[in-house]
1. Out of B:272, B:251, B:265, B:257, I need the residue that is in contact with a Leu (Cβ under 6 Å, 6 or more places away or on another chain) and not acidic (Asp, Glu). Which one?
2. Of the numbered conditions (1) in contact (Cβ under 8 Å) with a residue 40 or more places away in the chain; (2) among the basic types (Lys, Arg); (3) farther than 16 Å from residue A:85 by Cα, residue B:134 fails exactly one; give the number of that condition.
3. Scan (1) under 30 Å from residue B:133 (Cα atoms); (2) more than 10 Å from chain A (Cβ to nearest Cβ); (3) not aromatic (Phe, Trp, Tyr) for the single condition residue B:115 breaks and write down its number.
4. Which of the following residues is touching a strand residue (DSSP E or B) at 6+ places or on another chain (Cβ under 8 Å), outside any strand (DSSP E or B) and aliphatic (A, V, I, L, M): B:262, B:229, B:298?
5. Could you list all residues from the range A:206-254 that are in a loop (DSSP other than H, G, I, E, B), surrounded by fewer than 13 Cβ atoms within 10 Å (Cβ to Cβ) and of a type outside the set (Gly, Ala, Ser)?
6. Quick test for you: out of B:84, B:100, B:95, pick the one residue that is open to solvent by less than 30 Å² (accessible area, probe 1.4 Å), within 10 Å of chain A (Cβ to nearest Cβ) and of a type in the set (D, E, K, R).
7. Given the criterion away from chain A (no Cβ under 13 Å), open to solvent by 10 Å² or more (accessible area, probe 1.4 Å) and among the hydrophobic types (A, V, I, L, M, F, W, C), identify the matching residue among B:77, B:72, B:43.
8. On the given criteria, is residue B:66 modelled with pLDDT under 95, farther than 21 Å from residue B:160 by Cβ and within 16 Å of ligand 1 (Cβ to nearest atom)?
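The values are calculated or read from the model by the stated rules, or taken from the named source; none is laboratory data. Just so we're clear, the structure is a prediction, and the values are computed from it rather than from any experiment. We place every Cβ from the backbone using ideal geometry, glycine too, and count neighbours over all the protein chains shown. Accessible surface areas use protein heavy atoms only, side chains included; no ligands, DNA or RNA. Shrake-Rupley method; radii C 1.70, N 1.55, O 1.52, S 1.80 Å.
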Amino acid sequence: MIALRLLFFNLIKFTDLRNKFYQWIIFCQPLIFLTILYFMLKVNPAINIDKYIFAVGIISAWSFILYASGTALISEKWGGTFELILGSNTSLFRIVLTKSVCNSLIGLLNICLTILYAQIIYGFEIHTSNLILSISSLIVLIYSLISLGMVLAVLCSLFNNVFEYQNLMVFPFLILSGLFIPVNDLPLIFQPISYVIPMTWSIKSLYDSLIGIEFSYFYLLGGILISSFYFVLTYIFISKIELIFRKTNKIGVF
Amino acid sequence: MSSIIKVNNLYHEYTIKNNGKKEKKVALKGINFEVKQGEVFGLLGPNGAGKTTTIKILTTLLIPKNGNVTLLDKDILKSPGYIRKNINFMLGGERGIYNRLTPIEYLKYFSLLYKIKIPDNKLMELLELVGLEKNANEETIGFSKGMKQRLHIARVLINNPKIVFLDEPTIGLDPVISEEVRLIISRLSKKNITVILTTHYMQEADDLCDRIAIIDEGEIKIIGTPTFIKSTHSDVKFYEVTCSNLDEVGIFSVEEIRNLAIKTIEGGLKLIRFEYPVTSTIKEVQKEINQFCSIIKINIRDVTLEDAYIKLVR
Ligand SMILES: Nc1ncnc2c1ncn2[C@@H]1O[C@H](COP(=O)(O)OP(=O)(O)OP(=O)(O)O)[C@@H](O)[C@H]1O
Ligand SMILES: [Mg+2]
C-alpha cells in the first residue's frame, strides 16, 4: 500500500513535465517521427505501418527513460538528499525502483500518446494479429524498460560524466535493440550485444505479434528472464553503492 | 536513568588522495561518551574536529573503522534498520530539499519513506511548530536559508524520533531566526526527545545544552555541563578597562596579565582586555593597572563558555 502511494507520489510530484526537454520528448518528438512515417507511407504503401508507429512511441519512451531514470540516483547526490533518503526507513533499491517504475509508466503513456496521435491526427489504422500477445509483449517491454532504467540509474551514479554520453546513447541503443532493423540483419559482432539489451527481446516479440508471423514465446520469456536478471544485478549493485558510501562517504567509485 | 547513546572507543579514518597517493586521515581517535534520554547534548569543536563524522556514524550513514556505538540499546552496525526508524537528523545548510516540492509535499514524501501515515493536519502542525504554516503550499525553490533549515527541523520530526541529530542547525541564520530555531530545539527536549547538537556558537550551546563535549582533532578534550566546563577555567577573571595615556610596553611586561588585547576607541582612548588571576581583588588589579594608564572605567566579567572553549582548543 505504502509502495503504491510512494509510486503515485513520484508520478504526480517528481515527474517534471515543466522541463522543456521532457515536454519536447513526450509531446513533440512523436509528431515529427509520425510525419516522416506519413510521407514514407506515401512513397511506399507496402511498409508495415503498425510496427513503425510503435517504434515511434518506443523512441520517445526510451529517450525519456534514458534521461529521467539515468538521473534518478545521481540527482539525489547533487541535491544533498542522498543521505536523507539513505538514512530513512526505505531501502535505496526500493526508492530507485519506484522512480524507474514511474518513468517507465510515463514511457508507456508516451507509447499510448503516439498511437493516439497516429490515429487522430494522421488517420493511421493500427492492426494487430493477436491483441493478447501484443499487450503481453508491451507489458514485458515496460518490465524491460524498468530494469534498464535501474541499470542506467546505477551506471550514471558511478561515472561522473555519463551525461555527456547520453545523447550518443539514444539511437545506437535503439538500433541495437532491433527497433528499425531486425537484429538478425545486424552485423554479426553486434548481435550478442543486442541480446544483452532487455528491450530487444520484447520488441521482437511485439513486432511478431503485430505482423502475425509465427509467434514464439521464446522472446517473451527471454525478455522476462533477462530483465529479471538485471533486477538482481542492480539490487546487488545498489547494496554495494550503499555499503561503499557508508564506508567512504562517496558515491561512485570510478 | 540509563544512557540512550553509548559511544565506546569510536575511531574513524578517511582515505584521501594527496598528490595522487592514497593517505589515511584520522578523523576520530577513539572517543567515548554517553547521552541520557531527554538530554540536549552539544558537540563543540573547531572546523575539522570530527563532529559531523561522529553524527554520520551515529545516524548509520557512515561505518566506523573501529569502536562500539549503541543507540536505544541496539548496536548501530547490527540493527541500522531499527535505529533509522527511531532517530532522525539534519546535516545543516540549505541542501537536501527538493526545489519543486512545497513544504507539505516534502514532509509527505518523507512520511512515505518512513512508512507512516500522517494526516495533513498533523503535517500542518509540524510546519506550525517551525513557523512555516503560511508557506505550506509554496514551492521551496524561493525559500531563504532560514526557511529551509526550519523545514529540515520539521522533517526531522516526521517519524516521531526518540533521538534527533542536528548538525549546525543555525548555520548562516540571522540572530532573530537563530533564536527561533533555538526555541524550537528547547521545545523538543521538553517532549523528552534526546537532542544531539553541533554548533560553532558558544552562547547557543551554553543556552541549550545540558551537557557538552568539546572535540578537537578527533579527541574529546572535556565533557560536562556548561557550568562545569566554565568552572574548570575559573582561575582567571576577565577585565575590560577603558583608559587614556596607556604605556603599552609597560603593561605587556606585567606577568599576571594574560591574553592582553588593546584597541583604540573614540577620543584617542584605549580599551584593554585581559585575564588576571582570581586570587587578586579588583582593587589590587586596579592599583596594578594604574601604573601604566589613567583608568576611566573598569569592568569585570565572568568566564563564558567561549573563554573556556578557546583555552581548550588553542
Ligand atoms: N568524506 C571525507 N573524505 C575525507 N576526509 C574527510 C571526509 N569528511 C571529513 N573528512 C575529514 O575528517 C575530519 C573531520 O571532519 P568533520 O566533517 O567530521 O569535521 P567537523 O567537526 O564537522 O568540522 P566543521 O565544523 O567544519 O563542520 C576533517 O579533517 C575532514 O577533512
Ligand atoms: Mg561538520
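1. None of the others qualify; the one that does is B:265.
2. (1)
3. (2)
4. B:229 is the lone residue from the list that is touching a strand residue (DSSP E or B) at 6+ places or on another chain (Cβ under 8 Å), outside any strand (DSSP E or B) and aliphatic (A, V, I, L, M).
5. A:213, A:214, A:250, A:253, A:254
6. Working: B:100 fails: open to solvent by less than 30 Å² (accessible area, probe 1.4 Å); B:95 fails: open to solvent by less than 30 Å² (accessible area, probe 1.4 Å).
Being open to solvent by less than 30 Å² (accessible area, probe 1.4 Å), within 10 Å of chain A (Cβ to nearest Cβ) and of a type in the set (D, E, K, R) holds for just one of B:84, B:100, B:95, which is B:84.
7. B:72
8. Details: modelled with pLDDT under 95: no; farther than 21 Å from residue B:160 by Cβ: yes; within 16 Å of ligand 1 (Cβ to nearest atom): yes.
No.
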